[in-house]
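**Student:** Below are the structure tokens for one structure; questions will follow.
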Amino acid sequence: MILPRIIRLRDAPAYLGMDKNRFNAEVRPCLHEQRMGKQGVAFDRLELDAWADRYFGGNGRSEQPEERIGNVPDSPKAQHGAKGRTGRITKLSISKSGTATGAFAALAERLIRKKRSAD
């Protein structure tokens, strides 16, 4: 089975295994929304995957505020200003390579460098 790249708002909470209220409160503010038609809203599956990787990257603990990917200099937030592309404050980005693996590797490298410089 091939997973769709674009996941509609109604399906996104189930994709991450959570209810819609938690999704709207914790996840949705971190993502770029894409309008689909007049009323539809959709998300990029790779952004949802990257959010889940970050969330579970701390052995089940949610991320620390200072390590949010939106603070990364080459993120879409940095490229498009504080409000991002959709006019909402964003905390999550995918690297320009378009792969979650590339974004994760870049983030991991920056966090390692930051930790080493702090020691």
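All of the numbers you see were taken from the coordinates with simple rules; none came from a lab. All values derive from a computational prediction rather than experimental measurement. Cβ sites come from the backbone with ideal geometry, for glycine too, and all protein chains shown count toward neighbours.
**Student:** Want the number for residue 3 to residue 26: 0.36 nm per residue separation, take away the alpha-carbon distance, what's left?
**Tutor:** 5.9 nm
**Student:** How much net charge surrounds residue 14 when only the other residues with a Cβ under 13 Å from the Cβ of residue 14 are counted, with Lys and Arg +1 and Asp and Glu -1?
**Tutor:** Charge balance in the 13 Å sphere: +3.
**Student:** By per-residue mean of other Cβ atoms within 10 Å, what is the highest-first order of 110-118, 43-51, 9-17, 24-32?
**Tutor:** Descending packing order for the listed peptides: 43-51, 24-32, 9-17, 110-118.
**Student:** To continue, here is another question. Going by how many other Cβ atoms sit within 10 Å of their own, how do 53, 19 line up, fewest first?
**Tutor:** With the fewest neighbours first, 53, 19 line up as 19, 53.
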